[in-house]
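Note sheet for the following structure.
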Amino acid sequence: MASLSGLFSSSLKPSKTLSVKALSAPPTRGGDSFSFPHTSKPTHLPLTLSASRSDISHTDAATAAKKELIKDPDALWKRYLDWLYQQKDLGLYLDVSRVGFTDEFVVDMEHRFKAAFKAMDELEKGSIANPDEGRMVGHYWLRNSSLVPKPTLKTLIENTLDSICSFADDIIAGKIKPPSSPRFTQILSVGIGGSALGPQFVAEALAPDNPPLKIRFIDNTDPAGIDHQIAQLGPELASTLVIVISKSGGTPETRNGLLEVQKAFREAGLNFAKQGVAITQENSLLDNTARIEGWLARFPMYDWVGGRTSVMSAVGLLPAALQGIDIREMLTGAAIMDEATRTTSLKNNPAALLAMCWYWASDGVGSKDMVILPYKDSLLLFSRYLQQLVMESLGKEFDLDGNTVNQGLTVYGNKGSTDQHAYIQQLREGVPNFFATFIEVLRDRPPGHDWELEPGVTCGDYLFGMLQGTRSALYANGRESISVTIEEVTPRSVGAIIALYERAVGLYASLVNINAYHQPGVEAGKKAAAEVLALQKRVLSVLNEASCKDPVEPLTLDEIADRCHAPEEIEMIYKIIAHMSANDRVLIAEGSCGSPRSVKVYLGECNVDDMYA
Ligand SMILES: O=P(O)(O)OC[C@H]1O[C@H](O)[C@H](O)[C@@H](O)[C@@H]1O
């Protein structure tokens with residue numbers, strides 16, 4: 001298969017040299033064979049933009065310039081050639097030519113990138129790069145343990161990888177098997193957020209058609225969703241390996257999922273401990289539970305790896321290995337990309353190029369959304385994966401100096417060409433509040449498996465045409481886009497694009513001066529949810545007391561609120577009652593139907609020993 005680099009031989013010569021302004025320090029290309037015969041100095045085309053700014057905050061001229069994207073096809077082609085990035089070992093290419101950043105902007109950004117590169121270098125050397133939580137940030141060490149600042153951590157990373165591989169091999173070979181089946185056939189992963197999204201993306205992208213174990217996920221505290229997954233397992237529950245993933249070991253949704261699954265095991269007469277695996281921080285509630293109950297295995301998570309960057313830890317690697325995915329290839333792809341994104345030469349650093357485009361397109365304040373469009377079904381979950389990686393990292397109220405900035409970049413997307421039949425109408429003609437990122441996969445089918453469904457045209461040609469057509473149509477209407485191209489979806493290329501975006505998010509965070517590695521807003525949500533449940537317990541206690549009277553004393557909402565000493569919570573109490581009534585947990589007193597304020601409710605049966613006290 002001729003790689004893209006093979007297509008750009010010396011035969012491609014610019015039709016004319018252009019008077020151009022070279023960057024002050026002309027970057028040299030990485031040592032790849034991918035090169036163009038233009039002048040030895042990088043050429044920057046005379047764009048149709050006249051914007052110049054003393055600072056980076058976009059001025060009206062710059063905004064106006066954004067609308068005057070390049071129209072001349074020859075100039076566009078030259079810009080494409082000039083800015084195209086290629087990493088030959090990965091077969092990965094990055095095209096930023098359809099983003100309208102100016103030469104002046106690139107020069108303006110240099111000082112910010114200098115600081116960003118320095119901060120990233122210090123992060124990899126073990127600085128407290130997450131100052132709000134006083135933690136190091138070490139997900140890059142997971143794919144290159146020689147970087148780890150502490151020898152003990154290096155050994156831990158290496159030993160954990162080896163134990164993941166040997167455990168998975170033993171499970172697949174049937175050396176480790178469930179009590180009442182010849183071997184494990186299913187994986188039920190219980191986890192949420194970064195303890196689900198990475199494994200889900202990797203499974204969708206890389207699981208073979210007939211994996212040694214088939215994976216399914218419980219990633220929410222929705223009882224119907226949990227019931228559905230357990231029902232689909234049916235008798236195969238007996239050959240299901242349950243992997244419970246939680247870095248903190250205390251996330252309520254995950255804990256509920258575990259309790260629900262353990263109940264299903266009890267009802268099926270199965271011993272959960274013989275089929276349970278925990279992936280969590282040492283001595284967490286989950287870790288201690290698994291240890292005390294004697295679960296099949298436990299694998300570590302570390303406080304220096306965030307949930308949204310944990311897919312290269314046991315969180316993503318164990319489920320992947322059990323599906324027969326080559327996890328060492330994933331790590332290799334990530335490591336190669338990590339090395340490629342360490343260069344401080346902007347034009348030769350794909351993560352820096354992404355971060356620069358994000359900054360240009362969204363004015364450094366998230367003014368435009370990031371639409372992720374993989375034209376490959378198996379990459380369907382990439383946008384959902386990036387929603388957490390990007391938005392939980394960048395969506396922050398304060399910057400590192402304590403200023404209120406309300407930063408962020410909104411991510412959405414699905415897949416092409418499917419989305420062309422959904423929302424791309426708006427992207428093409430509607431509100432221009434986004435920039436697109438196309439993920440292109442060159443290989444349509446394994447060699448020898450393709451055919452022409454019409455003379456000279458394959459199914460994959462349509463997909464290719466739809467991507468390129470959409471890219472052109474958006475650009476023709478002033479909509480900017482980035483294109484990431486990989487030759488095929490493999491563990492190596494998936495590892496690489498994960499690492500690419502992890503680094504881009506880290507660099508962008510430095511450009512906008514925020515901490516990308518904590519998530520204070522999530523705690524607020526957890527606290528609010530706990531308050532609702534505490535109120536519900538008070539409501540139930542009040543109802544239980546009234547229901548134990550003889551005769552039963554149904555209560556109105558106002559009476560309940562009064563007895564809960566929470567008149568200001570009347571609306572939440574109404575919602576609690578409505579939810580419980582819909583689930584037959586409170587009854588409406590005869591003749592009291594009508595407005596919410598006139599309804600009287602009581603418990604079907606009272607509990608003398610008030611369990612809700
Ligand atoms: O892995 P856990 O500790 O259960 O956390 C699961 C998720 O919880 C929170 O939502 C955090 O913001 C996420 O970053 C994390 O991935």
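The values are calculated or read from the model by the stated rules, or taken from the named source; none is laboratory data. Everything numeric here is computed off the predicted structure, so don't read it as measured data. Using ideal geometry, Cβ is built from the backbone for each residue, glycine included, and neighbour counts are taken over all protein chains shown. Ligands, DNA and RNA are excluded from the accessible area calculation, which covers all protein heavy atoms including side chains. Shrake-Rupley method; radii C 1.70, N 1.55, O 1.52, S 1.80 Å.
A few comments on the model shown:
- Meets criteria (touching a Leu at 6+ places or on another chain (Cβ under 7 Å) and open to solvent by 60 Å² or more (accessible area, probe 1.4 Å)) for residue 274: yes
- Residue selected from the range 317-336 under the condition open to solvent by less than 20 Å² (accessible area, probe 1.4 Å) and either touching a Ser or Thr at 6+ places or on another chain (Cβ under 7 Å) or charged (D, E, K, R) (or both), by the criterion nearest to residue 286 (Cα to Cα): 319
- Failed criterion for residue 192 (all others in (1) within 15 Å of the ligand (Cβ to nearest atom); (2) of a type in the set (A, V, I, L, M, F, W, C); (3) in contact with a strand residue (DSSP E or B) (Cβ under 7 Å, 6 or more places away or on another chain) hold): (3)
- Flag for residue 570 being without any contact (Cβ under 8 Å) to a residue 40 or more places away in the chain and in contact with a strand residue (DSSP E or B) (Cβ under 8 Å, 6 or more places away or on another chain): no
- Within the range 481-494, none of the residues are aliphatic (A, V, I, L, M), part of a helix (DSSP H, G or I) and surrounded by fewer than 23 Cβ atoms within 10 Å (Cβ to Cβ).
- Within the range 104-123, residues that are under 15 Å from residue 360 (Cβ atoms) and open to solvent by 10 Å² or more (accessible area, probe 1.4 Å) have Cβ atoms under 7 Å from residues that are at pLDDT 95 or above and assigned to a helix (DSSP H, G or I) in these pairs: 112/511, counting only partners at least 6 apart in sequence or on another chain.
- Residue 532 being assigned to a helix (DSSP H, G or I), open to solvent by 50 Å² or more (accessible area, probe 1.4 Å) and closer than 24 Å to residue 382 by Cβ: no
- A single member of 507, 474 is of a type in the set (A, V, I, L, M), touching an Asp or Glu at 6+ places or on another chain (Cβ under 9 Å) and open to solvent by less than 10 Å² (accessible area, probe 1.4 Å), and it is 474.
- Among the conditions (1) surrounded by 15 or more Cβ atoms within 10 Å (Cβ to Cβ); (2) within 16 Å of the ligand (Cβ to nearest atom); (3) of a type in the set (Asp, Glu), residue 523 misses just one, which is (1).
- The set of residues in the range 486-520 being within 20 Å of residue 138 (Cβ to Cβ), within 16 Å of the ligand (Cβ to nearest atom) and not aliphatic (A, V, I, L, M) consists of 501, 502, 506, 515, 517, 518, 519.
- The residues of the range 390-423 that are away from the ligand (no atom under 16 Å from the Cβ) and in contact with a Lys or Arg (Cβ under 6 Å, 6 or more places away or on another chain) amount to a single one, 407.
- Which numbered condition residue 550 fails, given (1) in a helix (DSSP H, G or I); (2) modelled with pLDDT under 95; (3) more than 16 Å from the ligand (Cβ to nearest atom): (1)
- Number of the exception - residue 540 against (1) crowded, with 21+ Cβ neighbours inside 10 Å; (2) more than 16 Å from the ligand (Cβ to nearest atom); (3) of a type outside the set (Phe, Trp, Tyr); (4) not in a helix (DSSP H, G or I): (4)
- Applying the condition of being without any contact (Cβ under 8 Å) to a residue 12 or more places away in the chain and assigned to a loop (DSSP other than H, G, I, E, B) to the range 241-284 and asking which residue is farthest from the ligand (Cβ to nearest atom) yields 269.
- Verdict on residue 530 being touching a Pro at 6+ places or on another chain (Cβ under 9 Å) and within 16 Å of the ligand (Cβ to nearest atom): yes
- Filter pass, residue 239 being hydroxyl-bearing (Ser, Thr, Tyr) and within 22 Å of residue 325 (Cα to Cα): yes
- Some residue of the range 293-300 being over 26 Å from residue 531 (Cβ atoms), within 12 Å of the ligand (Cβ to nearest atom) and either of a type outside the set (D, E, K, R) or in contact with a Pro (Cβ under 8 Å, 6 or more places away or on another chain) (or both): no
- Count of residues meeting criterion [of a type in the set (A, V, I, L, M, F, W, C), in a loop (DSSP other than H, G, I, E, B), in contact with a helix residue (DSSP H, G or I) (Cβ under 6 Å, 6 or more places away or on another chain) and open to solvent by 40 Å² or more (accessible area, probe 1.4 Å)] in the range 127-147: 0
- Selection from the range 452-480 of residues that are over 20 Å from residue 378 (Cα atoms), over 25 Å from the mean Cα position of the chain (by Cα) and not in a helix (DSSP H, G or I): 452, 453, 454, 455, 456, 457, 477, 478
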